[in-house]
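Peer 1: Here it is: the structure, laid out below.
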Amino acid sequence: MGYIISNCKGVKQVKENKYYIMFFAILIGYIGYKLFLPNGFEHISTDQLADMLNNPDHKEAYYVDVREPHEFNAGHIREMNNVPLSQLENNYELIPKDKTIVIICQSGKRSLQAAKTLKDLGYQDIINVKGGMLDWEGAVTK
């Protein structure tokens, strides 16, 4: 009998605190959404990038390497256009808005920043290359 009474108290407490429980459930859901869902753009691997570049339709995209010029000149993917992240906000008009934009950097961190910046500037079709040049196993041009 004592178990039933204490169990009823627990149910009563849950009912009294349902708004707090709902608030925390929504908060946890929102944090999970922000952390785990895409930020309005696609993420691909360097293998997927290689597949894109080997596709005859790859010219439908505009490829951007956001590393600094000295990094780009040390070795880059032939199809990439260098628009350094440090100059992106001043030179974003060099990047067409009517094409898919594929962005790479050294490790994937700067390209993610660039993708967010371009999204904020009104670009719609953006692809971030995860792992960057560190993961790239294809040919590079110097």
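Peer 1: Excluding same-chain residues fewer than 8 positions from K119, which aspartates and glutamates have a Cα within less than 17 Å of its Cα?
Peer 2: E42, D65, E89, E93, D98
Peer 1: Peptides 18-26, 129-137: what's the order by average Cβ count within 10 Å, highest mean first?
Peer 2: 129-137, 18-26
Peer 1: For E89 and N54 in the same chain, what is the full-extension length gain: residue separation times 0.36 nm, less their Cα-Cα distance, in nm?
Peer 2: 9.6 nm
Peer 1: Now for a separate question. So if each residue of separation counts as 0.36 nm, and I subtract the Cα-Cα distance between N82 and K116, what length gain in nm does that give?
Peer 2: Extra length available between N82 and K116 comes to 10.5 nm.
Peer 1: Could I ask something else about it? What ranking, highest mean first, results for peptides 85-95, 65-75 when packing means the other Cβ atoms within 10 Å averaged over each residue?
Peer 2: Highest to lowest by the protection proxy: 65-75, 85-95.
Peer 1: Can you list residues whose amide H is under 5 Å from I126's amide H, if they're 5+ apart or on another chain and H is modeled 1.01 Å from N?
Peer 2: E42, I101
Peer 1: Counting only residues 5 or more places away or on other chains, whose amide H sits under 5 Å from the amide H of V64 once H atoms are built in the peptide plane?
Peer 2: Those lying under 5 Å, H to H, from V64 are N81, V102, I103, I104.
Peer 1: Through the Karplus equation 6.51 cos²θ - 1.76 cosθ + 1.60, θ set to phi - 60°, convert the phi angles of segment 51-61 into ³J(HN,Hα) values in whole Hz; use x for Gly and Pro.
Peer 2: Each residue of segment 51-61 in turn: 4, 4, 5, 7, 7, x, 8, 4, 6, 6, 10 Hz.
Peer 1: Output ³J(HN,Hα) for segment 107-121: one whole-Hz value per residue in order, computed from phi by the Karplus curve 6.51 cos²θ - 1.76 cosθ + 1.60 with θ = phi - 60°, and x for Gly and Pro.
Peer 2: Result, rounded to whole Hz: 10, x, 7, 5, 5, 5, 4, 5, 4, 5, 4, 5, 4, 5, 8.
Each reported figure results from applying straightforward, stated rules to the coordinates on display, with no laboratory input. Please read these numbers as outputs of a predicted model, since none were measured by experiment. Methodologically, a virtual Cβ is constructed for each residue, glycine included, from the backbone with ideal geometry; neighbour enumeration extends over all protein chains shown.
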